[in-house]
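Engineer: Got a structure for you, written out below as structure tokens; questions coming shortly.
The values are calculated or read from the model by the stated rules, or taken from the named source; none is laboratory data. Predicted model only: the values in this text are computed from it and were never measured. Here the Cβ positions follow ideal geometry from the backbone for every residue, glycine too, while neighbour counts run over all protein chains shown. The area values use the complete protein model at the heavy-atom level, side chains included, leaving out ligands, DNA and RNA. Shrake-Rupley method; radii C 1.70, N 1.55, O 1.52, S 1.80 Å.
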Amino acid sequence: MEYLDFELPIKELEDQLDKCELIGQESDVDVTNTCKQIEKKLEETKRKIYKNLTAWQRVQLSRHPNRPYTLDYINALCGDTFLELFGDRGFKDDKAMIGGLGKIDGQSFMLIGQQKGYNTKTRQYRNFGMANPEGYRKALRLMKMAEKFGIPVVTFIDTPGAYPGLEAEERGQGEAIARNILEMTRLQVPIIVVIVGEGASGGALGIGVGDKVFMMENTWYSVISPESCSSILWKSWEYKEQAAEALKLTSADMKKQKIVDDIIPEPLGGAHYDRETTFKTVGDYITKAYNELKDLSTSKLVAQRMDKYSKMGEFKE
């Protein structure tokens, strides 16, 4: 298990607990009471730390290397029913954007999302979860296929942004994202969006328009990352913590601003501490959302979605 800087008190107590248990195994000394005291203090420390997280600490948790990624959710929810589909039928297959058909609780879905890597090799292979235009065009192709056959769409967002390279811009990165936003607003099947990690900029919006949009508790959703915001405003990354607070990018902020519909709770310590519980919770939210949307007529579904996004940004002085 890897620990973030603010989790070091937890690491120290867990190390103490391991040593205490080891002493009990290797000697005749009864350490039961001591272990119980350490366990109690460990639980109290965890609750104190994770119930008072700053915006920047939640950003750090959303990037935790042990955190489950899109394929982890898909494989856990769909099992061997998932059939991955490839290519945008125009340029090539983008490994940062994955998609395909799968069943959750017996219901077929088109599942789409950004995928990050687990080590240096796979991170390069997945381009760090940053999709090129062909990734967004692949996603749109799969969404239109789902619409054709009346299959609801589920998207998982986890990206530091769309790939900003010169070649991506040459192939129409902005157009591809804008086209997806347009098409998703009028797609004639239910769309359920789950932000499972980072939700940065147009890279997230390219698959982020939905009838129901959920955020995991320790994720973020913003037009820009705290580091980039800091470098623009203060000409340095040193002010990323202040930038994170100012951007109002946490799940609680997004719920308050009515950008997302609900927050999916995570186990104490984050999604990576108890993956099975996390996967079950996400699956339950998806199933519940689909049951609320499945009986709506096509016209009402689209009108309701358009109305939802038209209201964003309204304010009264």
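Engineer: Students often forget the sequence filter, so: which lysines lie under 19 Å Cα-Cα from residue 116 once same-chain residues fewer than 8 apart are removed?
Structural biologist: Filter leaves 92, 95, 138.
Engineer: Treat each spin label as a single point 7 Å out from the Cα along the C-beta direction, and report the residue 242 to residue 27 distance in nm.
Structural biologist: Taking the two extended label points, one gets 5.2 nm.
Engineer: My understanding is that a pair violates if its Cα-Cα distance is over 32 Å; which of 11/240; 240/300; 144/240 do that in this structure? Can you show the working numbers first?
Structural biologist: On the way: 11/240 25 Å; 240/300 42 Å; 144/240 39 Å.
With Cα atoms farther than 32 Å apart: 240/300; 144/240.
Engineer: Just report the Cα centroid separation between region 53-112 and region 139-195, whole Å.
Structural biologist: Centre-to-centre distance over Cα atoms comes out at 13 Å.
Engineer: Looking at this model, which pairs from 288/308; 121/280; 19/46 are more than 28 angstrom apart at the alpha-carbon? All intermediate terms of the calculation are to be shown ahead of the outcome.
Structural biologist: On the way: 288/308 19 Å; 121/280 30 Å; 19/46 19 Å.
Where the Cα-Cα span goes over 28 Å, the pairs concerned are 121/280.
Engineer: Given a 1.4 angstrom probe, what's the average accessible area per residue across the chain, in square angstrom?
Structural biologist: Details: 15970 Å² over 317 residues.
With all protein chains present, the chain gives 50 Å² per residue.
Engineer: If you build a Gaussian network model of the chain, linking Cα atoms that sit under 10 Å apart, which residue out of 116, 51, 248 swings the most?
Structural biologist: 51
Engineer: Could you tell me what percent of the accessible area of the chain is made up of carbon and sulfur, with a 1.4 Å probe and every protein chain present?
Structural biologist: Numbers: 8220 of 15970 Å².
Of all accessible area on the chain, carbon and sulfur atoms account for 51 percent.
Engineer: Let me ask another. Assign unit charges at the C-beta atoms only (+1 for Lys and Arg, -1 for Asp and Glu), then state the dipole size of the chain relative to its Cα centre in Debye, rounded to the nearest 20. Before the final figure, lay out the partial values.
Structural biologist: Details: 44 positive and 48 negative charges, 261 e Å.
About 1260 debye.
Engineer: Continuing with this model, one more query. Quick one: if you take sqrt(5λ) for each eigenvalue of the C-alpha gyration tensor of the chain, what semi-axes come out, biggest first, whole angstrom?
Structural biologist: 36, 23, 20
Engineer: If you don't mind, there's one more thing I want to ask. Which percent, to the nearest 5, of DSSP beta bridges fully inside region 159-278 are antiparallel? Intermediate values should be presented prior to the final figure.
Structural biologist: Details: 1 of 12 bridges.
Among the beta bridges of region 159-278, antiparallel pairing accounts for roughly 10 percent.
Engineer: With both partners inside the chain, how many of the DSSP beta bridges are antiparallel, as a percent to the nearest 5?
Structural biologist: Details: 11 of 31 bridges.
The antiparallel fraction comes to roughly 35 percent.
Engineer: With +1 assigned to the C-beta of every Lys and Arg and -1 to the C-beta of every Asp and Glu, and no other charges, what is the dipole magnitude of region 202-317 about the Cα centre in debye, to the nearest 20? Could you put the intermediate results ahead of the total?
Structural biologist: Numbers: 16 positive and 18 negative charges, 80 e Å.
In debye, rounded to 20, region 202-317 gives about 380.
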